[in-house]
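Please read the structure below before turning to the comments.
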Amino acid sequence: MEESFQVPEQRIQDALMTCAGSDYVRVDSQLAARISGQREPVVSVFPGAADEMAAVLRLASENGWKVAPVGAGTQLGFGNIAQPIAVAVRTERLCQVVDYSPADMVVTVQSGMRFADLQQLLASHGQMLGIDPVCSPAATVGGLVATGVSGPARVLYGTLRDMLIGTRIAFADGDLVRTGAKVVKNVAGYDLSKLFIGSLGTLGILTECTFKLKPLPLYRELCLLGGSITQVDALRKQVMDSNLIPSSLELLATEQAGNAGDHSSTQWMLAVGCDEGEQASAFQTRSLQQMASVVGASFTVLRQAEVVQFWERYRKTLEPSGLVLRIQAPPTQLASLAGDIAALAAAHEVRAFHSFSLSSGTGRVFAKVSDVAAILDLISAVRQRCSELACVSVIERAPLEVRRHHDCFHGSRVGEGELAVMRSIKQAFDPRNVLTPSKYAGGI
Amino acid sequence: MLAERIIAALREIVSAQNVLSEANQVKAYDCDAYVAEKSLPGAVVFPESTDQVARVVKLCNQESIPFLPRGAGTGLSGGATPRNNDLVISLARMDKLLAVDFDNQRAVVQPGFVNLVLTKTIAERGFYYAPDPSSQSVCTIGGNLAENAGGSHCLKYGVTTNHVVAAKVVLPSGEIADFGHPFGDPVGYDVLGVIVGSEGTLGIATEITVKILKRPEAVKTVLAYFDHVDDASRTVSDIISSGIIPAAVEMMDQLMMQAVDKSHYHVGYPLDIEAALLVEVDGLSAGVEDTARRVMEICEQNHVRRVQIAKDDAERALWWSSRKMAFPAIGRISPDYLVQDGVIPRTKLTEVLRRIAELSREHGLRVANVFHAGDGNLHPLICYDARIPGQREQAMKLGERILEQCVDAGGSITGEHGVGLEKIGQMAYMFSATDLKAQRRLREVFNPRDLCNSGKLIPHPARCAEFRDARKSAAQHMNPTGRNIFREEAHESC
């Protein structure tokens, strides 16, 4: 560790220029602070091709420089605080579409491509990548894969692990490796691609990702069913028991519309989408309306553009949140847990937003970080509650001062056996511990 | 055979009646449903608990005995075939359904639990287990996990990896670890994601948590006859590009239809059509009728000769039986056959089928085609007669050529049957030496002594080069006897 910082930045910079050219290497002090809170600047290098990326990594490995991969830098608040970093490998210039055959519904893009640009391209062919995470418009595909994000659509479309079918990875030793294939079905060899989803760049750096796509829904409706947590949970149960095909089953606290602070008045809303076409949507909407009237919940329906606008507003509202906590629990426990967390947030005077994809057993708490002490206490309290229920909580985004006190990965079910295997995997793919050391679960 | 001392130790762990060690007893375990290569196991044990599996594996480690797990033995690539006098650990007696949680839509099963039994058990409450390999009435969920099994409906619902959410695994060291989470995302690396599909080389799953789904409210099944394969292929592309995701799209060619019509499941396909397409759509009743009608319109736009919707469940069941019994039905027209499992981009269907027909002529062997057209997963069935010297080798060679065509078209050597023994030679065709090195690194994490299902899935490094050299010389100097020496050697060394 010490060694790498006895090397002057100038030497690192000169060496990296041999890999990526002099225009694409620079010393960066602001980024350094954001990556690991370090005072020492990092040297940012912008490889223009996968083999340049591999050469950078080989050089870094040989010299013992610690490396952090950085896409748009919008997801840096995820993960424990890494050891000081010498080199930031930026994927910005790797932003091309490598292969897109709309008729095969498979796309391969370089990892630095902006997710928003990818979705726009796909939409022009009536297709989409089926994820809808809360993220910056600048976020890159590689960054989203490395952070394993998801959104309300996961209850129908699944998560990145259901969509990422192949990758190209630069390993720390400079090996450039393909995993998976560019066809939707493939079982040749180990499914290594999966290891990189949510790995925070600790195993290798993605240079390309290949995804399975979905058709863009031709028609959309979204029913908003409002009531108390008990009413909303009763509706959740009915929907899960039915044959309905929700494209979202998102529990939201209506204070997200702006009525913050007063927990006693917290109203909850279940946002149930339908992407199944006009006739099916009409049927689903009627069924939901009936369910709502039986339990005495309020009912609103949005159609087509209104649905798109609803989720756009949702993402825009939540995107600036400084704290994102992911909670995982059985669907039957999730709504009441959300209620508990809302009460804890109110007690800690933290303005929190709650968004729980009920049938997937996953939820997120978003909060603005104004009072760090209150946030620290809230996280402790939420984790205490999660431990009691044997549920999982993961900090997906938090400022450095929060992550200094809390381990981001906190899963009651992650046993020593699993951790030991994870450590061996890290050791196998990054034996010199070059890639963002200490950032990951279990000190990896 | 294993030493008597070892057999005694095994009996100690699993009790005497759960150990088979006589040659005549273990004969049935000399291969799986890939029958081209066989060899006797050292012994067979039938553990009844995770703890017993762990103790057996620990014993194997102490004594340096190669071992491998086995489910129902329906695998099609030799993944459960003992090539090293291995101890076969049969999970057949770990066949319990441990828990069903309808409210949270999860079930926990032991590895020997049969795929279709799960669906049957939960059907009353309107649930089912989605992955549906053709062998689902006998194959086990543990085997499905090992092979990442697919099936006809994975076009819409995904393969095994999309449905297994957690597992208790006995690692090749004998340690027990839990992977995955019943709800939500992995916390840490998605280790479960690499264990699924690892063909029993990374450990033995002993408790498996899977998603169970609500049955769709309505299903419509469409059967279409085409004069030309090209029209059928285009229909598949057109359906998908119209924004419909059918639950399944299956295609059979002429030879295949003739074979299944000779079986118990006689549909009465016209003799002169080139292709039959089976398309299933499901969802809410309110929309399905309309979707089925759109599918039929697309068939008509592509010169379909005849297209119909199954009039009742009996007709739908007949059509599906006809499709699912395609492999065994080949026995009606050929004494022996070899199944392949290549995947291609859907858009290359016509081109690759034409190439397969050419290769079939070049090799002088008939090839029947049945495939999951929706996801480009081909199952060419190569007909041969093992009694004719050299034909089996010729069939294997043809199979290899077909897989290479799939890779050349941008696809894969296996979509759902696995690499096993059968396709280990083609791994180096699909992946570079560097790609395979990464795969081996993972294997060594779990299986450093290479005792657990050794010689399957990932070729050894030195042997990759042998494969390549042998392929080249085989291509340059076709053996005059037609016997593929390269293939034989390859299997012995890997």
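Nothing in this text is a laboratory measurement; each read-out follows from the coordinates by a stated rule. Since the model is a prediction, treat every value here as computed from it, not as a measurement. No Cβ is skipped: glycine too gets one built from the backbone with ideal geometry, and neighbour counts run over all protein chains shown.
Brief remarks on what is shown
- Whether the stretch B:332-373 is rounded, prolate or oblate, judged on the alpha carbon gyration tensor where a/c under 1.5 counts as rounded: oblate
- Dividing the mean sequence gap of close Cα pairs (under 8 Å, 6+ apart) by how many residues chain B holds gives a relative contact order of 14 percent.
- A cut-off under 13 angstrom between Cβ atoms defines the neighbours of B:Leu2, and their net charge, with Lys, Arg +1 and Asp, Glu -1, is -2.
- For A:Arg303, net neighbour charge (Lys/Arg +1, Asp/Glu -1) across residues whose Cβ lies under 13 Å away: -3
- Inter-probe distance in nm under a simple model that places probes 7 Å from Cα toward Cβ, at B:His460 and B:Thr350: 4.7 nm
- Restricting the GluC sites (Glu not before Pro) of the stretch A:332-401 to loop positions (DSSP other than H, G, I, E, B) with no more than 14 neighbouring Cβ atoms within 10 Å leaves A:Glu349.
- Looking at the protein assembly as shown alone, DSSP beta bridges between its own residues are antiparallel in about 90 percent of cases.
- Crossing angle, helix A:9-20 versus chain A [Cα axis fit, 0-90 degrees, rounded to tens]: 80 degrees
- The stretch B:378-440-the stretch A:87-122 distance, computed between alpha-carbon centres (Å): 31 Å
- Separation between Cα centres of the stretch B:1-60 and the stretch A:369-430, rounded to whole Å: 43 Å
- Within-12-Å neighbourhood charge of A:Val27 [Cβ basis; K, R +1; D, E -1]: -2
- Helices in chain A, meaning DSSP H runs of at least 4 residues, each add -39500 (n - 2.57). Divided by all residues, the mean residue ellipticity at 222 nm is -11000 deg cm²/dmol.
- Between B:Val138 and B:Glu37, full extension at 0.36 nm per residue minus the direct alpha carbon distance yields a gain of 34.2 nm.
- Here the stretch A:290-336 and the stretch A:19-45 have alpha carbon centers that stand 39 Å from each other.
- Excluding same-chain neighbours fewer than eight residues apart, the lysines reachable from B:Lys27 by a Cα-Cα span under 22 Å are B:Lys38, B:Lys456.
- Cα gyration tensor shape of chain B, rounded if a/c is under 1.5, else prolate or oblate by comparing a/b with b/c: oblate
- The alpha carbon gyration tensor of the stretch A:2-92 gives principal lengths a ≥ b ≥ c with a/c of 1.5 or higher and a/b no greater than b/c, which makes the shape oblate.
- Each stretch of four or more DSSP H residues adds -39500 (n - 2.57); spread over every residue of chain B, this sum gives -11000 deg cm²/dmol at 222 nm.
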